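Note sheet for the following structure.
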Amino acid sequence: MVLSKLKMPGTPAESTGQNTLRAPDGSPMTFPDLLEDNRRAWGTKIAFQQKVHREWRRISHSDVYRRSYELAAGLVALGLEQGDRVALIGENSIDWVCAYYAIVVAGGTAVPIYYDLKPSEVGEMIERADTKLAFVSSKALPKFEASLSHVQSVVTFGEGAGSREGVPGGFLRRAAPELLSIDDALARATAESRHKLAATIVRPDDLASIVFTSGTTGGMKGVMLTHRNFMANLRSGRRSEPLNERDRVILVLPMHHALPFMMGMGVGPAVGAETTFENDLRRIRDRMSEVKPTLFLGVPAIFEVMYRNIVHGIEAQGKLETFEKGLRIVEATKQRTGINIGRIVFRELHKRLGGRLRFMVSGGAALNPQVARKFAHLGIPIIQGWGLTESSPLLAIQRWSPRKFYMSNYYEEHFGTVGSAVEDVEVSLIDVPEKELYVHLHGEGELV
């Protein structure tokens, strides 16, 4: 199994404030401090948005802070104690975000679980993680009735949350778990539970998440990640890519994975970027046209489908010959001058994708260099990163440089690579004797 070694900062200096433990540079070491920083820095700026029944639902950084803490007080009133594990099963949403933050600011440990798994798999994860409570989307609730038999309370969110309709009768006949909506959980907050929450001290080495991953060996494993793990990776990510408060991100990858989680819950909010959730891959192009994103995060399979859909759409319009001619012009210009004119030649395509896209990021698996090259011809850069859930997760990423993309052959010469290690990460290549691989002989080995 490929392992990683992060060089963590030393013991953080404790500043004034009951629940504030900071890194030497003043950056947050826990999610509560990250939420506080975001509230102070970005206030009423929109943090997250999603479209529900053709209507936009939006929430600011200040409202994320307030809703998360009030929900945390509700969880405390429901019996959540520091160190308790809470399952989180459902589609990306504002409620998912606030549920996660509520769990960890109350001192609990979130256990994000993919909603498309088999009930038996989800039941095993819930049991192995020893979860006390569970947040479950209304869409996923009927599917996982048997999987939730051991938890004390189930909090539903999303469309129809808290409704008995569609929930199996066996679930309702049991004395436990208690079933309530996210609004019910918010209403459970009391002066006493708020006081207890305010006295809770969340420390950097407290467990924030248990993330189940199959990795490269055997069955699913629960990776234990602390607040310090996530915040260290957040600092590294911010220093590696030029993201800022003008960025708009469309997130389609489910946040039970560490990569979209860190973008959606960490880096994006920290820099003041606006994040849009879209759970239907068929609506990506429409949503891009509407939101006008500057950044899109995906896995290789998504980019392959996106390119095929672009070509099929052009072919359906009877413009395939013109499209292919444009590709030849772009490629010839690039070879002769190093200048990428794809954004000019395919400006109509860029308009349909919102017209503001700076670059896209691929992770989760190796990106076919030919896919990156095809998008580059369109004037759309894809940079590739590499990481592991165990390293929370970013280890290396190609750095984004508009000058290098539009005015040189740098990226063409580096398609298929994942760039260099991010700050505070050491990467080494070691021998693998059992496979007769020796770095000094073959230039190959195991990346650690």
Legend entry - Subset of the range 44-73 [free of Cβ contacts under 8 Å to residues at least 40 places away in the same chain and either aliphatic (A, V, I, L, M) or buried (at least 19 other Cβ atoms within 10 Å of the Cβ) (or both)]: I59, Y65, S68
Legend entry - Whichever residue in the range 51-105 is farther than 13 Å from F135 by Cα and in a strand (DSSP E or B) and, among such residues, is modelled with the lowest pLDDT: V52
Inset, instruction - Give me a count of the residues in the range 340-388 that are of a type in the set (S, T, N, Q) and over 25 Å from the mean Cα position of the chain (by Cα). - result: 2
Legend entry - Failed criterion for G218 (all others in (1) within 30 Å of M288 (Cα to Cα); (2) open to solvent by 10 Å² or more (accessible area, probe 1.4 Å); (3) not aliphatic (A, V, I, L, M) hold): (1)
Legend entry - Checking A273 against (1) free of Cβ contacts under 8 Å to residues at least 60 places away in the same chain; (2) open to solvent by 10 Å² or more (accessible area, probe 1.4 Å); (3) not β-branched (V, I, T), the condition it does not meet: (2)
Legend entry - Residue check, H312 open to solvent by 80 Å² or more (accessible area, probe 1.4 Å) and out of contact with any Phe, Trp or Tyr (no Cβ under 7 Å at 6 or more places or on another chain): yes
Inset, instruction - Filter the helices (runs of 4 or more DSSP H) completely within the range 317-423 down to those with at least 3 residues that are surrounded by fewer than 17 Cβ atoms within 10 Å (Cβ to Cβ) and out of contact with any strand residue (DSSP E or B) (no Cβ under 8 Å at 6 or more places or on another chain). - result: 320-337, 347-352, 369-377, 402-407
Inset, instruction - Starting from residues that are under 10 Å from the mean Cα position of the chain (by Cα) and within 18 Å of V291 (Cα to Cα), keep the ones in the range 255-270 and report whichever is most open to solvent (accessible area, probe 1.4 Å). - result: M263
Legend entry - Among (1) in contact (Cβ under 8 Å) with a residue 12 or more places away in the chain; (2) surrounded by 20 or more Cβ atoms within 10 Å (Cβ to Cβ) - the single one Q152 does not satisfy: (2)
Inset, instruction - Could you list all residues from the range 429-448 that are surrounded by fewer than 14 Cβ atoms within 10 Å (Cβ to Cβ) and free of Cβ contacts under 8 Å to residues at least 24 places away in the same chain? - result: L429, I430, P433, E434, K435, E436, H440, L441, H442, G443, E444
Legend entry - Selection from the range 74-96 of residues that are surrounded by 24 or more Cβ atoms within 10 Å (Cβ to Cβ) and among the aliphatic types (A, V, I, L, M): L75, V76, L80, V86, A87, L88, I89
Legend entry - Whichever residue in the range 176-200 is in a loop (DSSP other than H, G, I, E, B) and of a type in the set (G, A, S) and, among such residues, is nearest to A146 (Cα to Cα): A176
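The values are calculated or read from the model by the stated rules, or taken from the named source; none is laboratory data. All values reported here derive from a predicted model rather than from experimental measurement. FYI the Cβ positions are ideal-geometry reconstructions off the backbone, even for glycines, and counts take in every protein chain you see. Remember, those area values only see protein heavy atoms, side chains included, never the ligands or the DNA or RNA. Shrake-Rupley method; radii C 1.70, N 1.55, O 1.52, S 1.80 Å.
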